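What follows is a short report on a single structure.
The values are calculated or read from the model by the stated rules, or taken from the named source; none is laboratory data. Remember, it's a predicted structure, so these values are computed and weren't measured experimentally. Here the Cβ positions follow ideal geometry from the backbone for every residue, glycine too, while neighbour counts run over all protein chains shown. When the accessible area is computed, the model is the full protein with side chains, heavy atoms only, and any ligands, DNA or RNA have been set aside. Shrake-Rupley method; radii C 1.70, N 1.55, O 1.52, S 1.80 Å.
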Amino acid sequence: MTAPPPATLQALTPVLLACTQGNAVGFERLQHIGLPRLLAVASHFLTDTGHAEQVTHDTLLMAWRNAHRQPHSGLSPGHWLFTILGYRLHSQLSALQGDLPPPTPVEGHGPPIVPARIPETRRGPALLEHSKSLPPATPRQALRVRLDQTLKTLRQAERLPLTPTGEAIHPPLYDPSLRRKMLTSGFAYRTKMAFQRTLGRPFEDHLFRRWQARRDRYRALETQGLPRRSAEITLGARLDLMVDPRRLLRAFSYPAGFPDRLQRRKASNLFLWDGDWDLPLHYLADSDRLRFLQDLWHHRLAPEQSASFQRLLTQAEQGTPLRSHHRGMLLNTPERILEYLRLYLHYMEDMACFGFDAEAGKDRLGVAIDRHGQLIKLNKGLHRLAMAQVLGLPSVTVRVRSVHRQWWDALTEGAGGDEALERLAQALPDLTPAR
């Protein structure tokens with residue numbers, strides 16, 4: 001079989017560019033070019049046609065979702081696409097062979113690079129070259145229907161309301177009964193953000209600059225706790241730390257740490273926290289979300305056999321389905337429950353391929369520094385952290401959002417303003433998660 005004409009691979013460049021726009025057109029063009037050869041390669045390694053079709057579908061969707069990474073990857077569009085196939089193929093074969101350890105992904109926003117323990121024949125360049133010797137595969141009707149459904153989903157997402165915080169919803173999980181609550185919450189959120197943008201933040205930044213310059217009564221602002229958002233903007237990426245997610249085991253609970261609701265609301269806006277909030281901690285290994293993701297990943301070849309599926313189905317049958325207007329979803333049917341689980345599996349396959357992306361999601365992985373100078377997980381990004389723990393990722397990026405006053409005072413030794421911030425920034429790289 002002769003190799004495809006060069007124009008076939010060259011055509012991927014504008015197609016991936018179209019995918020970066022986040023609309024359905026890019027996905028439609030991508031599957032038109034990539035589907036026959038991706039399916040041919042997947043079918044060569046997977047004897048079960050259903051598994052090969054699953055891998056092909058997921059590869060196309062992962063490429064569409066991550067097309068913005070390709071220009072910075074150092075790989076040609078063809079190599080990049082087949083490298084994604086290599087990761088997804090490896091994951092499928094690992095599950096079929098009994099859950100082999102997942103590959104170690106590349107940190108940051110770079111391209112997926114298949115590690116040495118993946119056989120040479122499954123690496124992107126080898127898979128691309130192999131595709132040239134295989135006749136293009138013709139997809140079955142079942143795969144065509146699924147791809148059409150995915151295309152329909154992408155188009156629907158452009159017309160449906162956004163979540164209250166402005167993210168696109170997943171149409172198969174959306175129910176019209178959520179619309180009113182979503183719009184009301186969205187209006188409240190935008191009003192809150194407008195107030196912060198026009199009045200709250202400028203006032204906080206003004207006070208914070210006075211504290212930085214150590215002007216009159218600057219100690220009073222430090223005593224009050226310092227505005228968190230101003231500190232975060234000032235220090236920026238210096239607050240970001242790389243940690244092993246498997247060592248980040250202790251978590252803070254706002255209700256337990258700050259039982260008073262007013263105190264809890266105030267603390268969320270402060271950088272320095274007083275009191276004993278760092279004592280009533282719990283272990284992330286005991287969390288429901290970690291058990292949920294472990295169960296789901298173990299049953300990733302058949303999520304309908306997971307305990308999570310049965311639990312959510314029981315809730316629906318009892319008339320109390322999982323409902324969230326903040327995420328625009330209502331899991332009141334078996335089809336929606338299965339789609340919900342598949343969505344999480346897609347996020348995990350994506351993370352296994354591209355590594356942890358600190359920019360993904362509406363919140364960074366937040367941590368606080370306790371009185372001993374150790375890192376404690378806050379309630380931001382807990383699902384993404386659990387995914388990284390289940391997948392065995394070597395490191396994730398966390399952002400320091402709050403500091404215990406006792407450790408701050410010992411570190412700064414009376415220094416204030418920019419000098420205190422510099423001492424903090426220099427001390428951060430040496431901090432480790434609480435045991």
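Descriptive notes on the structure:
- The sole residue among 289, 323 that is touching a residue at least 60 places away in the same chain (Cβ under 8 Å), basic (Lys, Arg) and in a strand (DSSP E or B) is 323.
- When residues of the range 293-310 are limited to those that are free of Cβ contacts under 8 Å to residues at least 24 places away in the same chain and surrounded by 15 or more Cβ atoms within 10 Å (Cβ to Cβ), the one farthest from residue 375 (Cα to Cα): 299
- In the range 250-295, the residue that is farthest from residue 425 (Cα to Cα) out of those that are among the aromatic types (Phe, Trp, Tyr) and out of contact with any Leu (no Cβ under 9 Å at 6 or more places or on another chain) is 292.
- Criterion: surrounded by 14 or more Cβ atoms within 10 Å (Cβ to Cβ) and free of Cβ contacts under 8 Å to residues at least 12 places away in the same chain - qualifying residue of 144, 122, 201: 144
- Selected residue (criterion: farthest from the chain's Cα centre (by Cα)) from residues of the range 162-182 that are in a helix (DSSP H, G or I) and hydrophobic (A, V, I, L, M, F, W, C): 178
- Scanning the range 250-296 for residues that are within 29 Å of residue 337 (Cα to Cα) and of a type in the set (Ser, Thr, Tyr) yields 253, 283, 287.
- Subset of the range 238-266 that is part of a helix (DSSP H, G or I) and touching a Lys or Arg at 6+ places or on another chain (Cβ under 9 Å) - its residue that is nearest to residue 402 (Cα to Cα): 239
- When 196, 156 are checked against the criterion of being open to solvent by 40 Å² or more (accessible area, probe 1.4 Å), in a helix (DSSP H, G or I) and either of a type outside the set (Phe, Trp, Tyr) or at pLDDT below 90 (or both), a single residue qualifies: 156.
- Identity of the residue in the range 298-308, out of contact with any Phe, Trp or Tyr (no Cβ under 9 Å at 6 or more places or on another chain) and not in a loop (DSSP other than H, G, I, E, B), that ends up nearest to residue 348 (Cα to Cα): 298
- Search result, residues across the range 411-435 that are aliphatic (A, V, I, L, M) and part of a helix (DSSP H, G or I): 411, 420, 421, 424, 425, 427, 428
- Residue that is most open to solvent (accessible area, probe 1.4 Å), among those in the range 165-188 that are within 28 Å of residue 227 (Cβ to Cβ) and at pLDDT below 90: 167
- Residue that is most open to solvent (accessible area, probe 1.4 Å), among those in the range 13-27 that are closer than 18 Å to residue 168 by Cβ and part of a helix (DSSP H, G or I): 25
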